[in-house]
1. For the stretch 119-172, with every protein chain kept in place, what is the accessible area per residue (1.4 Å probe, Å²)?
2. So which of Lys77/Lys106; Lys106/Lys158; Lys19/Lys77 end up more than 26 Å apart by C-alpha?
3. So if I take the centroid of the Cα atoms in the stretch 133-183 and the same for the stretch 43-74, what is the distance between those two points in Å?
4. Per the 1.4 Å probe, what fraction of the accessible area of the stretch 60-143, in percent, lies on carbon and sulfur atoms?
5. Once you put a point 7 Å from the Cα of Arg65 and another 7 Å from the Cα of Gln16, both along the Cβ direction, what distance in nm separates them?
6. What do you reckon, how do Leu41, Leu146 stack up by accessible area (1.4 Å probe), largest on top?
7. What distance in nm separates the simple spin-label points at Arg73 and Val172, each placed 7 Å from Cα in the Cβ direction?
8. Considering only protein heavy atoms, with the full assembly of protein chains and a 1.4 angstrom probe, order Ser68, Ser17 by accessible area, largest first.
Amino acid sequence: MSGQMNVNPSAEGIAQSAKAATKGKGLPPVHLWNPPFCGDLDMRIARDGTWYYLGTPIGRPELVRLFSTILRRDGDKYFLVTPVEKVGIIVDDAPFVAVDFTAEGKGPDQCLRFETNVGDEVDASADNPIRVEIDEETGEPTPYVLVRANLEALIDRKSFYRLIELGVEREVDGQSWFGLWSNGRFFPIIPSAELARA
């Protein structure tokens, strides 16, 4: 057995530490914090963006927002991180859901701005790319946009259908793709040949 101290992390304790650490404007610098790992917390983010603690949905949006600001992904694992503790949580798919977007401009000058279920806003760009995974069995697309530092938002179905209406075809590496422009960057969604069969 290692010399690591056994602790029972709690959502209340993490929330207090987070409140103390997030005073001021902007997101806290969780990428700079390297506290000891304190174990796993019985907290889960469902695919629809609902946060659960001890199997019960967290009903306070301001608490969910607070937790979302101290979320970090290291490898394939997710943690809530404060200056003094780091606890593991479960994320079913992506930690956030893009619930709406606005589009301004056209073609390469178009800007797609997404809003997440926890109040983040992000413009799709080279730094915040859109990507689409295609289910090999069903052919169903699953779209994401990078919100910040390895943390993605699943783009909800209604927003994705609206995005498809803005799609155009463009050649990428010698192949025709259907995709989206945002901030001078083209994001391929599906090869044009497959779109014709869909």
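The values are calculated or read from the model by the stated rules, or taken from the named source; none is laboratory data. Remember, predicted model here, so these are calculated numbers, not experimental data. Cβ sites come from the backbone with ideal geometry, for glycine too, and all protein chains shown count toward neighbours. Heads up: the accessible areas ignore ligands, DNA and RNA and are worked out on the full protein's heavy atoms, side chains in. Shrake-Rupley method; radii C 1.70, N 1.55, O 1.52, S 1.80 Å.
1. Value for the stretch 119-172: 58 Å² per residue.
2. Details: Lys77/Lys106 38 Å; Lys106/Lys158 21 Å; Lys19/Lys77 23 Å.
From the list (Lys77/Lys106; Lys106/Lys158; Lys19/Lys77), the Cα-Cα distance tops 26 Å for Lys77/Lys106.
3. Spelled out, the Cα-based centre of one part sits 25 Å from the other.
4. Working: 1900 of 4200 Å².
C and S fraction of accessible area: 45 percent.
5. Computed distance between label sites Arg65 and Gln16 equals 2.3 nm.
6. Numbers: Leu41 15, Leu146 40 Å².
Descending accessible area places them as Leu146, Leu41.
7. 1.8
8. Details: Ser68 0, Ser17 30 Å².
So the residues, ranked largest to smallest area, are Ser17, Ser68.
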